[in-house]
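This report refers to the structure that appears directly beneath it.
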Amino acid sequence: MAAPFRILWADDEIDLLRPHILFLESKGYEVVSVSNGEDAVQQVRDNSFEVVLLDEQMPGMGGLEAVSEIRDIAPNLPVVMVTKSEEESIMDQALGEQIEDYLTKPVNPSQVLLTCKRILDRSRIRSERVSQDYLRSFSEISRRLMEPLSHSEWVDVYQTLVRYGNELERDDGLRQVLDDQYHEANRAFSNFVEGIYPSWIRSRTSAPDEHRPVLSHEIIPTFVEPLLGAGRPVIFFVIDCMRYDQWLEFEGLLSPLFGMKTAFHYSILPTATPYSRNAIFSGLLPQDLADRYSKIWADGEDDEHSRNRNEEEFLRDQLRVRNQNSRIRYQKLISTQDGREFAGNVNDLLQSDLSAVVVNFVDILAHSRSDSAVLKELAPDERAYRALTRTWFEHSWLFRAFVQLAEADCTVVVTTDHGAIRSLHATKVVGDRETSTALRYKYGRNLRCDERHAILVKDPHDYGLPRDYMNMNYLIAKEDYYFVYPTNYNKYVNKYKDTMQHGGISLEEMILPVVTMQPK
């Protein structure tokens, strides 16, 4: 039996409305009642509701102030304002807070019931429409997956799957169908990348076009450099490990503040920070970076993360080689304290021509979900993982920084180095003691695995990758596979199953947004 719809009703005379509440409960609704705006906001923060009824005039936090707070917590939650006044200014202010409807006191139980039914039925009808729309699109998506697609057509397919993933909230049966189609899409996409990626690398000296997407090392020349010299400071954010579906959650909060233009790039392989983020800041593929900065690359051999300690130097060198004499600022934000200090001094970014800001929190969240049973319980699936990311962002120092930048005369560019995927299937890998430790890619000597589940890169130069020693090769996992050694196989299968990983080939890891934002 389906759970009843839940209604929150806030009114300072709530005891007098007891007959109305009993009437709604007799019609199958669950009603939670509070007597002030503060408690209404706390209820929305702690629980889920389908409709909120708010008295406009309450002691302390009134209805208009409460709806503003509620909008910050649950932007899509329908709110009905109940008011004693029919003054036009009150209605304009309420509507400006994006309320769903308003009722004028005194209200009768049938009037409240009809208003709630209309709102809830509209939500149900919209959900049914989305489900029907996806059922009609299912065959079309499957047909496209059987055809040869270009890199831009793959972006279209991915956007379509993400859109349905965001909209199919209540239909668990169709969500399973969509998950299966995601797996089918990633299988076809992995085969596409395996067949075409070396040709993208061979054409590195030519500009991206219909045959080749923008790759990681081309982000700054393509999207950032053309903005320099226009008289407005440019703030360039790289949010580590941010997927497109997570960006859409951020976009929903930022769109009232900025006009946005969204493009896409493909992460280079492996889709891991030491490769893709270094490529962004250096403007070089890993092979070329290792040749130009041989000592830096060699010094990072024992610690892959240390290869990202020189991003500011890489950025300055990239712009100098391209004859850009801009004033540059670089910051990497790892801890919460870093972020708070950054938000407190965000206007300092406006003193430079280009400010590059690396934000590590989303990557930390992905790794923390892998290590924490509590976080995995809070975010057991893709939908909950997105919601968790959104909850962090809307209460974060990063969002506060964007709010401040929206008041400034600047241009903001946001992108990421790679995404992440829920790794659900294990595949055995064989390598020697010197083989690298990442779960979605490996490099070493004489690597072996089931090549249905990974690409074996025999000649690293074909993939723009360095060969640090003879007989070095790479393995790059496809779809949602992760590598496990035969020793203690079952132990590590269970340990890493359903963790967020990156480094391999999937739509979620490779197809990434680049968003140019202008304050409204």
| Among the numbered criteria (1) of a type in the set (S, T, N, Q); (2) within 26 Å of Ile421 (Cα to Cα); (3) surrounded by fewer than 20 Cβ atoms within 10 Å (Cβ to Cβ), which single criterion is violated by Ser203? | (2)
| query | Of the residues that sit in region 468-491 and are outside any strand (DSSP E or B) and either touching a residue at least 60 places away in the same chain (Cβ under 8 Å) or in the same structural domain as Pro270 (by TED's automatic domain parsing) (or both), which one is farthest from Leu284 (Cα to Cα)? | reply | Tyr489
| task | Report the residue count in region 457-466 for those that are surrounded by fewer than 23 Cβ atoms within 10 Å (Cβ to Cβ), touching a residue at least 24 places away in the same chain (Cβ under 8 Å) and part of a loop (DSSP other than H, G, I, E, B). | result | 1
| request: Report, by residue number, each residue of region 482-500 that is within 23 Å of Arg433 (Cβ to Cβ) and in contact with a Lys or Arg (Cβ under 9 Å, 6 or more places away or on another chain). | output: Tyr482, Phe483, Val484, Tyr485, Pro486, Tyr489
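A quick yes/no check of all residues on (1) assigned to a helix (DSSP H, G or I); (2) of a type in the set (Ser, Thr, Tyr):
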position	(1), (2)
Pro106	no, no
Ser131	yes, yes
Leu135	yes, no
Ser142	yes, yes
Thr160	yes, yes
Tyr164	yes, yes
| query | Could you say whether any residue in region 66-74 is at pLDDT 80 or above, of a type outside the set (Ser, Thr, Tyr) and farther than 22 Å from Glu30 by Cβ? | reply | yes
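Within the bounds of region 452-464, is there any residue that is at positive phi and either within 17 Å of the chain's Cα centre (by Cα) or not assigned by TED's automatic domain parsing to the domain that holds Glu341 (or both)? Spell out the reasoning first.
Taking region 452-464 and keeping what is at positive phi, we get 464.
From what's left, either within 17 Å of the chain's Cα centre (by Cα) or not assigned by TED's automatic domain parsing to the domain that holds Glu341 (or both): 464.
Within region 452-464 (the criterion being at positive phi and either within 17 Å of the chain's Cα centre (by Cα) or not assigned by TED's automatic domain parsing to the domain that holds Glu341 (or both)), the answer is yes, since at least one residue qualifies.
Collect the residues in region 24-48 that are touching a residue at least 40 places away in the same chain (Cβ under 8 Å), more than 34 Å from the chain's Cα centre (by Cα) and surrounded by fewer than 17 Cβ atoms within 10 Å (Cβ to Cβ), keeping them in residue-number order. Walk me through how you get there before you give the answer.
First pass over region 24-48, keeping only residues touching a residue at least 40 places away in the same chain (Cβ under 8 Å): 24, 27, 29, 47-48.
Add one more test, that the residue is more than 34 Å from the chain's Cα centre (by Cα), and what stays is 24, 27, 29.
Passing the criteria: only Lys27.
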| task | May I ask you to list the residues in region 443-455 that are touching a Leu at 6+ places or on another chain (Cβ under 9 Å) and either polar (S, T, N, Q) or at pLDDT 95 or above (or both)? | result | Ala454, Ile455
| message | If a residue counts only when it is crowded, with 21+ Cβ neighbours inside 10 Å and in contact (Cβ under 8 Å) with a residue 60 or more places away in the chain, which strands (runs of 3 or more DSSP E) contained entirely in region 407-456 have at least 2 such residues? | response | 411-415, 421-423
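When residues of region 22-36 are filtered for being part of a loop (DSSP other than H, G, I, E, B), within 23 Å of Asn108 (Cβ to Cβ) and in contact with a helix residue (DSSP H, G or I) (Cβ under 9 Å, 6 or more places away or on another chain), how many remain? Spell out how you get there, then give the answer.
Within region 22-36, the first condition is being part of a loop (DSSP other than H, G, I, E, B), and the residues that meet it are 27-29, 35-36.
Keeping just the survivors that are within 23 Å of Asn108 (Cβ to Cβ) gives 27-29, 35.
Add one more test, that the residue is in contact with a helix residue (DSSP H, G or I) (Cβ under 9 Å, 6 or more places away or on another chain), and what stays is 27, 29, 35.
So the count comes out to 3.
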| Which residues, taken from region 258-293, are among the aromatic types (Phe, Trp, Tyr), touching a residue at least 40 places away in the same chain (Cβ under 8 Å) and surrounded by fewer than 24 Cβ atoms within 10 Å (Cβ to Cβ)? | Phe258, Phe264
| query | Could you count how many residues in region 242-288 are of a type in the set (Gly, Ala, Ser), within 25 Å of Arg212 (Cβ to Cβ) and part of a strand (DSSP E or B)? | reply | 1
| message | Quick test for you: out of Asp121, Asp92, Asp55, Asp39, pick the one residue that is charged (D, E, K, R), modelled with pLDDT of 85 or more, out of contact with any helix residue (DSSP H, G or I) (no Cβ under 6 Å at 6 or more places or on another chain) and not assigned by TED's automatic domain parsing to the domain that holds Leu257. | response | Asp39
| query | When you look at Val155, is it crowded, with 17+ Cβ neighbours inside 10 Å, assigned to a helix (DSSP H, G or I) and at pLDDT below 85, yes or no? | reply | no
| task | Exactly one condition in (1) under 18 Å from the mean Cα position of the chain (by Cα); (2) touching a residue at least 24 places away in the same chain (Cβ under 8 Å) is not met by Ser255; state its number. | result | (2)
| Residues of region 199-209 satisfying the condition of being in contact with a helix residue (DSSP H, G or I) (Cβ under 7 Å, 6 or more places away or on another chain) and either assigned by TED's automatic domain parsing to the domain that holds His151 or acidic (Asp, Glu) (or both) | none
| request: Of the conditions (1) in contact with a helix residue (DSSP H, G or I) (Cβ under 7 Å, 6 or more places away or on another chain); (2) more than 26 Å from Val238 (Cα to Cα), Tyr482 clears all except one; give me its number. | output: (2)
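Quick one: in region 294-322, which of the residues that are assigned to a loop (DSSP other than H, G, I, E, B) and farther than 22 Å from Leu333 by Cα is modelled with the lowest pLDDT? Spell out how you get there, then give the answer.
As a first pass, look at region 294-322 and keep what is assigned to a loop (DSSP other than H, G, I, E, B): 300-303, 309-310, 322.
Among the residues that remain, those that are also farther than 22 Å from Leu333 by Cα are: 301-302, 322.
Numbers: Glu301: 53, Asp302: 48, Arg322: 82.
Out of the qualifying residues, it is Asp302.
The values are calculated or read from the model by the stated rules, or taken from the named source; none is laboratory data. Bear in mind that the values here come from a model prediction, so they are computed numbers and not experimental data. No Cβ is skipped: glycine too gets one built from the backbone with ideal geometry, and neighbour counts run over all protein chains shown.
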